[in-house]
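K.L.:
Supplied in structure tokens, the structure appears directly below.
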Amino acid sequence: MNVDYELLQRGCDRAREIRLMQERIREATPERKAQKKRWSQSEDGKRSMRERHRRYRATENGREMVRLKSLRFYERHKDDPAFKARKYGYEVVFRARQKARRLSGEHVLWLMDGVVKVNMVRAA
């Protein structure tokens, strides 16, 4: 019995393409989108996603991929005015929180009449 393995492989590839296409169509339905949204907002879904992120970032390849993805996103959006405004807003808030952290805690003020200890509460 002669088997044409190339023809067999092409048939397997075509079957895989058909299965993937059907899966994409199914995933695009409103019912499936609603189901995935409910899952992602549930406690189990949130826990599952946290675990996936933790495992992905734990690998060297995962960290590199995250870094590259972040760089690609920045390259795509760096000229967008809305992105710039949002990024600048984050930086302003970040710097303010950093400054508040540095100032928080107990400080000693030396005055002419004596020493005053001031406890600054963390603002951010």
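The values are calculated or read from the model by the stated rules, or taken from the named source; none is laboratory data. Because the structure is a prediction, the values reported are computed rather than measured. Don't worry about glycine lacking a Cβ; one is built from the backbone with ideal geometry, like all the others, and counts go over all protein chains shown.
K.L.:
Is there a residue being within 16 Å of the chain's Cα centre (by Cα), at pLDDT below 90, surrounded by 10 or more Cβ atoms within 10 Å (Cβ to Cβ) and among the hydrophobic types (A, V, I, L, M, F, W, C) anywhere in the range 46-53?
P.N.:
Looking through the range 46-53, none of the residues is within 16 Å of the chain's Cα centre (by Cα), at pLDDT below 90, surrounded by 10 or more Cβ atoms within 10 Å (Cβ to Cβ) and among the hydrophobic types (A, V, I, L, M, F, W, C).
Let's see how each residue does on (1) in contact with a Gly (Cβ under 7 Å, 6 or more places away or on another chain); (2) at pLDDT below 70:
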| position | (1), (2) |
| --- | --- |
| Lys69 | no, no |
| Pro81 | no, no |
| Val108 | no, yes |
| Met120 | yes, yes |
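K.L.:
Further question: For the range 30-45: of the residues being surrounded by 11 or more Cβ atoms within 10 Å (Cβ to Cβ) and small (Gly, Ala, Ser), which is farthest from Met65 (Cα to Cα)?
P.N.:
Once the filter is applied, the top-ranked residue is Ser42.
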